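Below you'll find the structure, written out as structure tokens, and then a few comments.
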Amino acid sequence: MDNALGDAIRNARVAASMTQAALAKELGVSRQTVSGWEAGRYRPQRRLLDKLGDVLGLRSETGFPWYWPDRRKTPEENCREQLRAFKARQATPPV
């Protein structure tokens with residue numbers, strides 16, 4: 001099974017220098033919940049996706065939730081796209 005969403009969450013969390021426990025605390029969930037998302041055992045509830053995007057800095061320019069800004073694409077395709085954009089932002093020094 002493709003785990004692009006879990007991989008995107010893990011990569012963004014690590015890039016933000018956060019532990020699973022720290023991310024869980026920010027979101028009001030358990031560390032085991034974050035671990036489950038990253039492992040692909042289950043997905044975040046829709047109500048948490050905006051907050052997850054805010055905490056990890058994954059937000060599209062259009063204001064749609066970071067995980068699915070283009071409804072013509074799958075969530076996994078959009079995650080890959082957003083992760084590429086996130087990495088590009090991290091690699092670009094601030095002006």
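The values are calculated or read from the model by the stated rules, or taken from the named source; none is laboratory data. Remember, predicted model here, so these are calculated numbers, not experimental data. Backbone-built Cβ (ideal geometry, glycine too); neighbour counts: all protein chains shown.
Considering segment 32-91, the residues that are surrounded by 13 or more Cβ atoms within 10 Å (Cβ to Cβ), closer than 15 Å to residue 16 by Cα and hydrophobic (A, V, I, L, M, F, W, C) include one that is modelled with the highest pLDDT, namely 34. If you go through segment 1-30 and keep only what is of a type in the set (Ser, Thr, Tyr) and modelled with pLDDT under 95, you end up with just 17. Give the residues of segment 1-23 that are part of a helix (DSSP H, G or I) and among the small types (Gly, Ala, Ser), sorted by residue number. Scanning segment 1-23 gives 4, 6, 8, 12, 15, 21, 22. Selection of segment 24-48 for residues being assigned to a loop (DSSP other than H, G, I, E, B) and either among the hydrophobic types (A, V, I, L, M, F, W, C) or closer than 18 Å to residue 80 by Cβ (or both) yields 29, 40, 43, 44.
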